[in-house]
Amino acid sequence: MSVSFKRTAVLAGAILCCAWTGFLALGKTVAESAASRFHGTISKVIDGKSDDPSAFVHGRMAEAMELFTLTILCAFAAAVFWKWLGSSPRLRPARGLAMGAVIFLLLNVMALAAGSTVLFWAIFYDKGNVDNFAQYHIKRALMEETSGRPRAILLGSSQTNRAIDEVLMNRRIGRRLWTTELAQPGARGFDMLTLSRDIPFKKGDLMICYLSEIMFYGKGSGIVAAEFMNFSEIPDAVEWNGWDFLVPKAVQSGLIGRVFPLYRYQKSISHRVLGWDITHVTQKKFDQSLETDLEEQARRRAPQLDIGETSAFEQAAFTRMVEELSAKGCEILVIEGHTHPAMRKYLDPTVVPHLRHYLSDLAARHPDHMILREGASFFTPEAADFADLVHFTDQAQQRFTLELVTYLDQAFPDQ
């Protein structure tokens, strides 16, 4: 190595040592001071996702240090590799191509590390046009910083998100039970399994899921698996012969994304670089094509939900999720919810009884860990309580959340 290269490496090492020494010695003090001085601003940034501004600031400082360190190490590795390629006459002709491959791999290593930080995902945060994938990772990272009290994790499809307000829950009972919402739009039974394995559940956690017939019946599974599926789900898909029930290329997309994080993060990157309107043109066209009359929507969509191989596949995956969470010592609260009355009007009359029998049987097999509650025990929604065929209005969400808080106060007095 040249003298200048060695000097640069020594200087970089010295900077890292000084930075880490300063952080370890003064990090908490600086975080507490910043949290005290800018409490209002930080609380606004947190937006109910954490209740400890000091821990939030310190956590981001730690992330910045980790990413800075990794950047220096990757840059050093790239420089060493470049010089090594140049020192060999035999390898020099392929220097550019080889270096491109190494840089691609190093960028993926950096993306993998960055993907576990709030700092990285904050780049994609947009309160108006919500990137659910980015928001999931922000909340997941912050959930790890919650300590000293039990945790409730809201998991499911957008129905769970629109039925339960995590911010309201934390305002009411957050001091003794902290709630984090990690639901993903379009999640079905198999998607729930992939999500539950991605989340660091631990003994004593309470998983809450609000679901209805759309969770298990009908086609279209794998929307979430396309972004979250890992190699651990392959044996499950093989066992249940689930390839035919997943949307095309969902498995391929999920697995490639696990190997190359940049591929997995492509949608969020596209949203930020190209803009929300461009990346959601297809979704907008679909939304505009829907009938404005919910009765007509229900007449078309409800008959697509039926009992068969698809529902068996989704329920098998959901069952395995319950089994795995139970084995970890988690509590599972499943709330059998509702869809719009028009949806139930045109739905195959055997579907809802089939759902209730499945959930009742599942709860009976896990009496120590799974609690099944009917949504009607909180309140029975009317047509005016729905914004569309499956989602509550804001007012209905608030009402349901308050009823849920009352129930949790009574059912889990120690949490």
Practice item. Considering every residue within region 154-172, establish whether at least one is surrounded by fewer than 22 Cβ atoms within 10 Å (Cβ to Cβ) and in contact with a strand residue (DSSP E or B) (Cβ under 6 Å, 6 or more places away or on another chain). Key: yes
Check your understanding: When region 213-238 is examined, which residues are found to be without any contact (Cβ under 8 Å) to a residue 40 or more places away in the chain and under 20 Å from Y358 (Cβ atoms)?
Key -> G220
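With respect to K127, is the statement that it is basic (K, R) and open to solvent by 80 Å² or more (accessible area, probe 1.4 Å) true?
Yes.
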Check your understanding: In this structure, is L177 under 14 Å from the mean Cα position of the chain (by Cα), open to solvent by less than 40 Å² (accessible area, probe 1.4 Å) and closer than 25 Å to I371 by Cα?
Key -> no
Practice item. Please note which helices (runs of 4 or more DSSP H) are completely contained in region 194-308 and include at least 1 residues that are at pLDDT 90 or above and open to solvent by less than 60 Å² (accessible area, probe 1.4 Å). Key: 225-228, 234-239, 250-259, 261-264, 266-274, 294-301
Review point. Do you know which of the residues in region 192-212 that are touching a residue at least 60 places away in the same chain (Cβ under 8 Å) and charged (D, E, K, R) is nearest to I153 (Cα to Cα)?
Key: D205
**Study point:** Out of A77, A101, sole residue that is of a type in the set (A, V, I, L, M, F, W, C), without any contact (Cβ under 8 Å) to a residue 12 or more places away in the chain, open to solvent by less than 60 Å² (accessible area, probe 1.4 Å) and out of contact with any strand residue (DSSP E or B) (no Cβ under 8 Å at 6 or more places or on another chain)
**Key:** A101
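The values are calculated or read from the model by the stated rules, or taken from the named source; none is laboratory data. Everything quoted here is computed from the prediction, not taken from an experiment. Positions of Cβ are backbone-derived with ideal geometry, glycine not excepted, and every protein chain shown enters the neighbour counts. To get the accessible areas, we keep the full protein, side chains included, count just its heavy atoms, and leave off ligands, DNA and RNA. Shrake-Rupley method; radii C 1.70, N 1.55, O 1.52, S 1.80 Å.
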